[in-house]
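The values are calculated or read from the model by the stated rules, or taken from the named source; none is laboratory data. All values reported here derive from a predicted model rather than from experimental measurement. Methodologically, a virtual Cβ is constructed for each residue, glycine included, from the backbone with ideal geometry; neighbour enumeration extends over all protein chains shown. In case anyone asks, the SASA skips ligands and DNA or RNA and just uses the protein heavy atoms, side chains included. Shrake-Rupley method; radii C 1.70, N 1.55, O 1.52, S 1.80 Å.
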Amino acid sequence: MAQATNQFSSLLLEIGTEDIPARFIPVGMEQLRENTKTLLTENRIKFDDIKTYGSPRRLAVIVNGMSKKQDSRTREVFGPPKKIAIDANGSLTKAATGFASSQKVSPESLVIKSNDKGEYIVAVIEEKGVDVKDLLPEIMKKIVFSLKFQKSMRWADNNIRFVRPIRWLCALHDNEIIKFEIDRISSNNISAGHRFLSQGSFQINDISSYVQSLSENKVIVDLEERKKIIFEKIQSISESVNGRPIKDDLLIENVANLVEYPVPVLAAFPKEYLNLPKELLVTVMKEHQKYFAIEDRSGRLTNHFIVVSNTTENNKDNIKSGAERVIKARFEDARFYFEEDKKKTLKSRVNDLKNVTYQDKLGTLYDKTLRVKNISVYLASKINPSLKKKSEEAAMLSKTDLITGVVREFPELQGIMAKYYAVHDNEDTEAAQALSEQYYHGEKIPESDTGTILSLADKIDNITAFFSIGLIPTGSEDPFALRRQTLSLITILTNKGYSITFEDIIDFTLRNLKVKKPSEIKKSLFQFFEQRLEPLLSSQGYSYEVIQSVLSSSTQTPLSEFRMRLDAVKEFKTDSSFNDFLTAIKRVRNIIPAEKLPFLKTGLLKLESEKKLNKSLADVLPDFEEALKKKTYLDSLKILTRLTEPINNFFDNVLVMDKKKEIKLNRLSLLKKIWDNASEIADFSKL
C-alpha cells in the first residue's frame, strides 16, 4: 500500500467529448473504473484506489497510490516431454535446444517438472518489472478503447467508435504528460471548463487539484457532489414555499447527468392546471422537462416546480420565465388530451380494442381483455365469489385507457388514467381503483380484492401467453418483464393469503388460451416460477437446503401455506430430535425404488420389528394428518420423530431384500408409505 510518496504515484485520464447522453454517464464511469483496474492488474501495477468522474462533456479516472515500477514475476513455460527433450545419454536434443531458443533462455537453465500428463522440460523465465511510465501510453489507449456503450458513433473519416466524438485527452502521470494519440488528438495536460461559464481550456498542473480546478472553471465533475447539490437545493427551495419536492432519486441522477454546474431555480405555473390529475402534471414535468414537482405537507400538488439550470444564479430570471412558458404549453397539451378523452366513456371504447394488435400471435387488445376477464372471474370464484361481477366489469375496462390520448402520449400513466376516467364515468369505486392497481409490481401490492384479482389475472395471462408462443426470457433478455411480473405474483399470493395455488391458476389459464401442448408449457412455467422464488427466499434468510426441501411443493401449495412449511422446516432443524430423525428417514429414502410398489399387506409382516414399525406408523398417522389439517406444520414434523426408533429397529433387525419377492416388495411398500407421508411436508433427502 502507498506509504512513501517517492515510491508511489498518481494517474489522471480525462476523455473530453461532445455532450454524452445522461443515461450513459454512470455506465461509462463504472466501466472506466473496472477496466482501469483490470488493465493495471494485468500489467502487474499495484495501486491503492481508483476514483471515476463524469459529466456531460467528460469521463475521467484518477488512480492513487500507484507503483512506479511494474512487479517482477517468474513464469514457467512447459516444453517438450522429457522423453523427447533428453536422449539416452542424458543430453538435450534439438527439440530441447530449439525450445530454449524460442523462450530466449539458455539450454542449461531448463529444468524438468511434472504435471498430470507426465514429465516435461520447463523454461523458468524471470521477467523484471519495468518503469510504469513506459507502459502507460499503451495502457491509456486501451482504457479508452475498452469503453463500450449500448449506442456509439463514428465521426469524421475514421473508424473509431465512441459514445460521442472525442475532443481532447488529458493524461498525466505524477503531473507529467503521458504521450499518446487517438484520432489525431494528442494527449496533453489541457482540460476544458464549462462551455459557457468558463474561459474555455485550461491546464491541469497537479492531479490532486483536478476536481478543484474544474470547480473553479464552473464544472462540478463529481457526480455524487452534483446530486448532493441538487438534493439539498430543491429541499431548501421547496421549504421556502412551504412545500416539499416529490421524492424521485432517478430524476435527481438523470438531471445531475444533464448539467455540469447545477443551479436549481424556483418557478410556478397557473393554478388552474391543478384541476388536472396530479399524476399527469407530475409526469409532464418529469418526463418531458426534467422538472421537480412540489407538493404541500398533506401531499397535494402545488403550482410551484423547480428547474435545474446549467448556468449561474445571475441568469435565474431568464431560466424561470423560459421554464414557465414551456410548462404552460405542455400543460395545455395535456389538458386538451384529458378533456377530449373524457368525451368518450371507457365502456364505449371496448369495441375499439378490436382494432389494436396486442401481439401478432396473441390477437388484439380485445382478445387480451377477454382472456383477462375469464381469468378474473375464475379467480374471484376461488377467492371471493361475491366479487365475480365486479371483477368482470373491471377486467372488461382494464385496457381501454391504452387507446386514450393521454396514455398514448404518456404510456407510463396506463391504469392511472383509467381510474380517473372510470370515476368520471361513474363506474364502481373499487372497480375504478382496480384499474390502477392492476399494474402494481415489486413490493407494492393492490389494496382491494378486485384490484388484486385483476392484477393477478393480467400478469398470469402475460406470462402464460408469452410462454405459449415461445417468447421465454433468456439470459439478460426479458423484453416483456416476465421475471418482474412473476415476482409480483409471488409477492401478492404470499401476502394476501389466498387459498389458491400457482398450479390452479396456470391450469385454468392454459385452458383459457386453448394451448395445444399444455403439459410442456406448464413444466416450463413451473421451472420459471421456482427460479424466481428460490433467490427471493434466499435473500430473506432461508438456507439453500431448507428451500430445496420444500421448493417442489411451491406450485401445488398456496404460497402463504408454503411459507409456513418453510418456517416449520427451518425451526425443525434446530430441534434436538432432528438429526436422529433425518438419519432414519434418509435410510428409508435410500432403499425404496422409483418404480410403483404393490399395496401394503399386513398379513405378510412376519417379524416383530416390521410389525412394530407398521403399528407405530398407524399410531402416528392420525395425529400427523390432524396437524396437517390444522396447518401446524412444526407439530407435524415433531410427530414424525416418533418413528425414528421404530425405523432404526426395523433396519437393525429386518433384511428388507428378502429372497421371497413378495416379502421384499411388502417391506419396501411399508417404507414407501412412511416416505410418502413424510414427503407431504418436505423432501428430507435435500436436508
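Are there helices (runs of 4 or more DSSP H) fully within the stretch 336-415 with at least 3 residues that are within 21 Å of N462 (Cβ to Cβ), touching a Lys or Arg at 6+ places or on another chain (Cβ under 9 Å) and open to solvent by less than 30 Å² (accessible area, probe 1.4 Å)? List them.
Ranges flagged: 365-383, 388-397.
Which condition does A171 not pass, out of (1) at pLDDT below 90; (2) in contact with a strand residue (DSSP E or B) (Cβ under 7 Å, 6 or more places away or on another chain), if it passes all the others?
With (1) at pLDDT below 90; (2) in contact with a strand residue (DSSP E or B) (Cβ under 7 Å, 6 or more places away or on another chain) applied to A171, the lone miss is (1).
When the stretch 554-593 is examined, which residues are found to be of a type in the set (S, T, Y), open to solvent by 80 Å² or more (accessible area, probe 1.4 Å) and either within 18 Å of E645 (Cβ to Cβ) or within 32 Å of the chain's Cα centre (by Cα) (or both)?
Matches in the stretch 554-593: S576, T583.
Can you pull out every residue in the stretch 209-228 that is within 37 Å of the chain's Cα centre (by Cα) and surrounded by fewer than 14 Cβ atoms within 10 Å (Cβ to Cβ)?
Residues satisfying the conditions are Q212, E224.
Taking into account only those residues within the stretch 419-447 that are open to solvent by 70 Å² or more (accessible area, probe 1.4 Å) and of a type in the set (D, E, K, R), which is farthest from F338 (Cα to Cα)?
By that ranking, first place goes to E443.
Quick one: what pairs do we get from the stretch 130-150, first residue more than 16 Å from I177 (Cβ to Cβ) and in contact (Cβ under 8 Å) with a residue 12 or more places away in the chain, second open to solvent by less than 40 Å² (accessible area, probe 1.4 Å) and assigned to a loop (DSSP other than H, G, I, E, B), C-beta under 6 Å, 6+ apart or different chains?
V130/Q70; F149/V163
Only one of these is in contact (Cβ under 8 Å) with a residue 24 or more places away in the chain, over 38 Å from the mean Cα position of the chain (by Cα) and open to solvent by 20 Å² or more (accessible area, probe 1.4 Å): N205, N188. Name it.
Result of the check over N205, N188: N205.
Go through the stretch 147-169 and give me each residue that's out of contact with any Phe, Trp or Tyr (no Cβ under 8 Å at 6 or more places or on another chain), surrounded by 13 or more Cβ atoms within 10 Å (Cβ to Cβ) and farther than 22 Å from L39 by Cβ.
Within the stretch 147-169, W155, R164, R167 qualify.
Would you please list the contacts, defined by Cβ atoms under 8 Å and residues six or more apart or on different chains, that run from a residue in the stretch 42-55 that is touching a residue at least 60 places away in the same chain (Cβ under 8 Å) to a residue that is basic (K, R)?
R44/R73; S55/R226
Counting only residues that are in contact with a Pro (Cβ under 9 Å, 6 or more places away or on another chain) and either among the acidic types (D, E) or on the phi > 0 side of the Ramachandran plot (or both), how many does the stretch 35-79 have?
Selection size over the stretch 35-79: 0.
Just for helices (runs of 4 or more DSSP H) wholly inside the stretch 473-539: which have at least 3 residues that are out of contact with any Gly (no Cβ under 8 Å at 6 or more places or on another chain) and loosely packed, with under 12 Cβ neighbours inside 10 Å?
Because the criterion is at least 3 residues that are out of contact with any Gly (no Cβ under 8 Å at 6 or more places or on another chain) and loosely packed, with under 12 Cβ neighbours inside 10 Å, the helices (runs of 4 or more DSSP H) in the stretch 473-539 that meet it are 518-539.
One residue is enough: does the stretch 207-222 have a residue meeting the conditions within 30 Å of F336 (Cβ to Cβ) and of a type in the set (A, V, I, L, M)?
For the stretch 207-222, residues within 30 Å of F336 (Cβ to Cβ) and of a type in the set (A, V, I, L, M): absent.
For the structure I just gave you, tell me whether V111 is at negative phi and in contact with a Leu (Cβ under 8 Å, 6 or more places away or on another chain).
No; evaluated as a whole, the condition is false for this residue.
If you go through the stretch 449-465 one residue at a time, do you hit one that is open to solvent by 50 Å² or more (accessible area, probe 1.4 Å) and free of Cβ contacts under 8 Å to residues at least 24 places away in the same chain?
No, that holds for no residue.
Find all pairs meeting these conditions: Cβ atoms under 7 angstrom apart; at least six residues apart or on different chains; first residue within the stretch 259-271 and touching a residue at least 12 places away in the same chain (Cβ under 8 Å) and over 17 Å from V221 (Cα atoms); second residue surrounded by fewer than 21 Cβ atoms within 10 Å (Cβ to Cβ) and among the hydroxyl-bearing types (S, T, Y).
V265/S309
List pairs: first in the stretch 530-549 and at positive phi, second of a type in the set (D, E, K, R) and open to solvent by 40 Å² or more (accessible area, probe 1.4 Å), Cβ under 9 Å, 6+ apart or cross-chain?
Final answer for the pair search is G541/K570.
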